[in-house]
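The values are calculated or read from the model by the stated rules, or taken from the named source; none is laboratory data. Quick caveat: nothing in here was measured; it's all calculated off a predicted structure. Ideal geometry is used to build each Cβ from the backbone, glycine not excepted, and the neighbour counts take in all protein chains shown. We work out accessible area using only protein heavy atoms, side chains counted, and drop any ligands, DNA or RNA first. Shrake-Rupley method; radii C 1.70, N 1.55, O 1.52, S 1.80 Å.
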Amino acid sequence: QVQLVESGGGLVQPGGSLRLSCVASGTIFSIDTVNWYRQAPGKQRELVAVVDSAGGTDYAAFVKGRFAISRDDAKKTVYLQMNSLKPEDTAVYYCNAFLATDHTLRIRDYWGQGTQVTVSS
């Protein structure tokens with residue numbers, strides 16, 4: 001059974017940093033695009049960052065210059081380095097990965113359970 005597990009969330013002061021990890025486990029033939037989303041209380045889930053299979057990246061305007069997404073396919077892991085954190089970055093952060101998980105190599109999307117990030121003094 002394929003699972004995505006996020007970790008690295010926590011409580012941090014404004015201006016601080018955190019690094020989130022998303023680890024994929026199970027039978028995985030290939031990892032395509034991986035996204036980080038976030039959802040704050042009472043708000044819709046929003047896209048934060050994207051990394052494609054070639055390592056190309058893209059970011060939401062509200063995190064550009066502060067966050068960096070990267071991947072290590074050998075470890076089946078995607079990271080989100082978050083710097084200069086602000087109180088408005090407080091949210092549950094979710095990993096969303098497009099994976100080929102059987103011999104057909106059909107791509108399906110998977111979601112992790114989320115990790116809480118709280119930015120507060």
Exercise for review: Calculate, for Ser120 and Asp52, the FRET efficiency according to 1/(1 + (r/R0)^6) with r their C-beta to C-beta distance and R0 30 Å; round to the nearest 0.05.
Suggested key: 0.35
**Study point:** Peptide ranges 87-100, 44-57 listed from the most packed, as the mean C-beta count within 10 angstrom indicates
**Key:** 87-100, 44-57
Exercise for review: Calculate what fraction, in whole %, of the accessible area of the range 1-103 sits on carbon and sulfur atoms when a 1.4 Å probe is rolled over the protein chains.
Suggested key: 49
Check your understanding: Which whole-number value in Å² is the accessible area per residue of the chain, probe 1.4 Å?
Key -> 53
Study note, to complete from the structure: If every Lys and Arg gets +1 and every Asp and Glu gets -1 at its Cβ, then about the Cα centre the range 56-103 yields a dipole, in debye to the nearest 20, of 160
Review point. Which whole-Hz couplings ³J(HN,Hα) result when phi for each residue of the range 57-63 is put into the Karplus expression 6.51 cos²θ - 1.76 cosθ + 1.60, θ = phi - 60°, listed in order with x for Gly and Pro?
Key: 10, 8, 9, 5, 4, 6, 10
Check your understanding: With +1 on each Lys and Arg Cβ and -1 on each Asp and Glu Cβ, how big is the dipole of the range 1-108 about its Cα centre, in debye rounded to the nearest 20?
Key -> 160
Check your understanding: What is the gain in length, in nm to one decimal, between Ser7 and Ala60 on full extension, counting 0.36 nm per residue of separation less the C-alpha to C-alpha distance?
Key -> 17.0 nm
**Study point:** Proximal lysines relative to Lys86, as straight alpha-carbon distance under 22 Å, when same-chain residues fewer than 8 apart are discounted
**Key:** Lys43, Lys64
Check your understanding: Rounded to a whole number, what is D in µm²/s for the chain from Stokes-Einstein with the Kirkwood radius over alpha-carbon pairs (25 °C, 0.890 mPa s)?
Key -> 170
Review point. On the first, second and third principal axes, largest extent first, how far apart are the outermost C-alpha atoms of the range 41-97 in Å?
Key: 35, 21, 16
Revision key, fill the gap. Checked against the positive end of the charge dipole of the range 16-73 (+1 on Cβ of Lys and Arg, -1 on Cβ of Asp and Glu, about the Cα centre), the farthest of Tyr37, Ser25, Ser70 is Tyr37
Point to revise | Simple label model, 7 Å out from Cα along Cβ direction - Trp111 to Gln39, nm | key: 0.5
Revision key, fill the gap. Protection proxy (average C-beta count within 10 Å per residue), highest first, orders 4-15, 75-86 as 75-86, 4-15
